[in-house]
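Remarks on the structure that follows.
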Amino acid sequence: MNIEPLLDALDLQEDAARALADDLRAQIDDLQTRLREAETHLEHLAITRKTITGLADRLPAHTQEMPEHPDYPRILAAFSHGTGPLRVKDVCEALGHELLPKNVEGTRAKLKRLVKLGILTEVDTGNFARKP
């Protein structure tokens, strides 16, 4: 009996099994690398969460959200640059609005809303300041 064809078939199967094993080892190496990266990322997220929760008690509590109108951040910036209380007309000028009655009254309404939100205070009638 000639066993050469049988040995050749075994060689082919061994080569295929060896190639499969090599491919699986490469996949395992890749998966181990990805697993280490994911675990490192999880550690970083845990550190970030711990840092944020540690700082949360230092942040001021806001009971209401800032209105979304684009003038509100600009109004607060005007108070950041000011040295004392500002009049409504001063805020209008800081915003670049003409001193027309509709602009003055609109700005006054925004300032009053910021007072209600606890962000500003009305020092006296028509004079507003950043709350300490």
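The values are calculated or read from the model by the stated rules, or taken from the named source; none is laboratory data. Worth saying up front: this structure is predicted, and the values here are computed from it rather than measured. Using ideal geometry, Cβ is built from the backbone for each residue, glycine included, and neighbour counts are taken over all protein chains shown. For the accessible areas, the whole protein counts, side chains as well, though only heavy atoms, and no ligand, DNA or RNA atoms are used. Shrake-Rupley method; radii C 1.70, N 1.55, O 1.52, S 1.80 Å.
Brief remarks follow.
- Filter result for Leu55 (free of Cβ contacts under 8 Å to residues at least 60 places away in the same chain and more than 40 Å from the chain's Cα centre (by Cα)): no
- Residue, modelled with the lowest pLDDT, within region 26-70, restricted to residues that are among the aliphatic types (A, V, I, L, M) and outside any helix (DSSP H, G or I): Ala61
- Residue check for Val123: surrounded by fewer than 16 Cβ atoms within 10 Å (Cβ to Cβ), at pLDDT 90 or above, among the β-branched types (Val, Ile, Thr) and out of contact with any His (no Cβ under 7 Å at 6 or more places or on another chain): no
- Sole exception among (1) open to solvent by 90 Å² or more (accessible area, probe 1.4 Å); (2) over 45 Å from the mean Cα position of the chain (by Cα) for Asp8, by number: (1)
- Boolean, Ala19 is part of a helix (DSSP H, G or I), at pLDDT 95 or above, more than 18 Å from Thr121 (Cα to Cα) and open to solvent by less than 100 Å² (accessible area, probe 1.4 Å): yes
- Cβ pairs under 7 Å, 6+ apart, first in region 86-104 and touching a residue at least 40 places away in the same chain (Cβ under 8 Å), second of a type in the set (Gly, Ala, Ser): Leu86/Ala78; Arg87/Gly126; Val88/Gly126
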